[in-house]
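The structure appears below as structure tokens.
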Amino acid sequence: MVRKACAALILATLLAVPASAAPAKKVPRWKGLSPCTLPGDVKAFCGTYEVFENRETRSGRKIPLKIVILPATGSDRAPDPVFSLEGGPGGGATSDAQELSHDPVRARRDIVLVDTRGTGGSNPLNCNMWGEDGTRLDRIFPTDAVLACRDELQKRTDLTQYTTAAAMDDLDEVRRHLGYGKVNLSGASYGTYAAQVFLTRHPEAVRTVVLDAVVKPGEPAPLYHARNAQQGLELLARDCAADPDCKAAFPNFQEEVATVLDRLAKQPVKVRVVSPKTTQPVEVELTRSAAADTLRWALYSPEAASRLPLRVHLAAQGDYSDWTQAAVGVRYRLQQGLAFGLLFSVTCAENLPLIDPKEIPAATQGTFYGDDRVRDQLAACGVWPHAPLPPGSGDLVRSDLPVLLFSGERDPVTPPADAALVAQGFPNGLLVKIPHGTHSGAGSCKERLIAEFVDRGTAQGLDTSCVKAASRVPFATKAAKP
């Protein structure tokens, strides 16, 4: 995802509307926003809106929130926009502008992207966890890196003010500033939890809700990361065994996972990789912790997961290059795309207090991921300033509004069982389970369903047959030639 400040355009030339739009279409003039061109020649409106860092006192330091609006492309423009809520916590919504510029929902509705406080272009709480190029592979959250980030951010920020509730109150303030009435919420991953918080705090402002990869309120993340990732791995192994080519190439997939991780637990390996920052060769040490973390992240997307059996098999034969390059790559990209200071401020206030350390052994035993993540994050929260646990944490959200929920069958972090529980609070909701689906990946079927749902304003009668017809990403069975 590309992150660059939008550049101003001459209003009289393009009006920030794609050439395919009807010439007579009138584009609203949003206060404080100007026409801009984003990467990929995406025409939009960009600007900022300031909110108080401390919303309770409404005094002191202010945060400029970065806003990007992708105007509706058709002449029949509906008044209710789609507000897109990013995952993480720590992801900036405006980074998705290029991808969303072609979304079918834009035919009638504006798409509003706001980098919530602490993310993207809104006073980002960025941290250097693993070196500038992601080559530090010892721990998931190294204590010295957490402390260094905390000390640096505290010079300009009150870390206790960065909560989901504050971010959603900011968002409603932006909604009113832009002149919108009711909006359609569309959240992915952590964004689904943020959407539920917005719905609870500002129900009068919501028309419909889309929840993709559903987070359950009161989830003691990351306590169940290991269990959920193990389930995702086992379902991937099931799919590999059902595929003749994958089964023939990797008949012992799960056994090889255990073999490689056991080896690394006894002795990390040194591997030469290409730095994603400098493109120069560098030697790194692959640990069991980093290898397991990389495996888990690969389960998030259909494309990365389809390569896992091959990656594991190569490592079992002694070739760790692909796995190690992936480990460095994922840490580099995470550091570029997620504000880890925001992740700590949110999760340390809203998730980690729900964890009883005595539950960790039972929750992680027998999993490939183990307890590294949950113990590292608990240690980080022990030194990170954060707000107290919000009242009502863990209560399911209940609403009669139309809600469309999506859940991937192989989702390694927000499993279908969580989505089913959340769906119980929405009598006018519809839960769509995606066969072989993971945590991410929209696909044309899902995009069409969302556009139709938002346009109709109801989930009743929605034809979801395209979900079952979607094909699974084929497994990679041979290493690419250099």
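The values are calculated or read from the model by the stated rules, or taken from the named source; none is laboratory data. Quick caveat, the model's predicted, so the values are computed rather than measured. Virtual Cβ from ideal backbone geometry, glycine too; neighbours counted across all protein chains shown.
Out of Ala205, Ala213, Ala194, report the one residue that is at pLDDT 95 or above, under 30 Å from Arg398 (Cβ atoms) and either surrounded by fewer than 22 Cβ atoms within 10 Å (Cβ to Cβ) or among the hydroxyl-bearing types (Ser, Thr, Tyr) (or both).
Ala205
The rows are residues; the columns are (1) touching a Leu at 6+ places or on another chain (Cβ under 8 Å); (2) aromatic (Phe, Trp, Tyr); (3) farther than 23 Å from Arg156 by Cβ.
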| site | (1), (2), (3) |
| --- | --- |
| Glu50 | yes, no, no |
| Phe83 | yes, yes, yes |
| Ala93 | yes, no, no |
| Ile111 | yes, no, yes |
| Thr135 | no, no, yes |
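State whether one or more residues within the range 205-217 are of a type in the set (A, V, I, L, M), more than 30 Å from Pro81 (Cα to Cα) and not in a helix (DSSP H, G or I).
There is no residue in the range 205-217 that is of a type in the set (A, V, I, L, M), more than 30 Å from Pro81 (Cα to Cα) and not in a helix (DSSP H, G or I).
Which is at pLDDT 95 or above, crowded, with 18+ Cβ neighbours inside 10 Å and in a helix (DSSP H, G or I), of Ala97, Ala44, Ala72?
Exactly one residue qualifies, and that residue is Ala97.
Go through (1) assigned to a helix (DSSP H, G or I); (2) out of contact with any Phe, Trp or Tyr (no Cβ under 9 Å at 6 or more places or on another chain); (3) under 30 Å from Ser189 (Cα atoms) and name the single condition Tyr300 misses.
Every condition holds for Tyr300 apart from (1).
Go over the candidates Ile450, Ile434 one by one and state the one that is within 22 Å of Ala78 (Cα to Cα) and either in contact with a Ser or Thr (Cβ under 8 Å, 6 or more places away or on another chain) or not acidic (Asp, Glu) (or both).
When all the criteria are applied, what remains is Ile450.
From Gly341, Gly329, which residue is over 29 Å from Glu234 (Cβ atoms), of a type outside the set (S, T, N, Q) and not in a loop (DSSP other than H, G, I, E, B)?
Gly341 is the lone residue from the list that is over 29 Å from Glu234 (Cβ atoms), of a type outside the set (S, T, N, Q) and not in a loop (DSSP other than H, G, I, E, B).
Just wondering, is there one or more residues in the range 276-288 that are surrounded by 15 or more Cβ atoms within 10 Å (Cβ to Cβ), outside any helix (DSSP H, G or I), among the hydrophobic types (A, V, I, L, M, F, W, C) and in contact with a His (Cβ under 8 Å, 6 or more places away or on another chain)?
no
Applying the selection to the range 443-472, what residues are of a type outside the set (Val, Ile, Thr) and touching a residue at least 60 places away in the same chain (Cβ under 8 Å)?
Hits for the range 443-472 are Lys446, Glu447, Arg448, Ala451, Phe453, Asp455, Gly457, Arg472.
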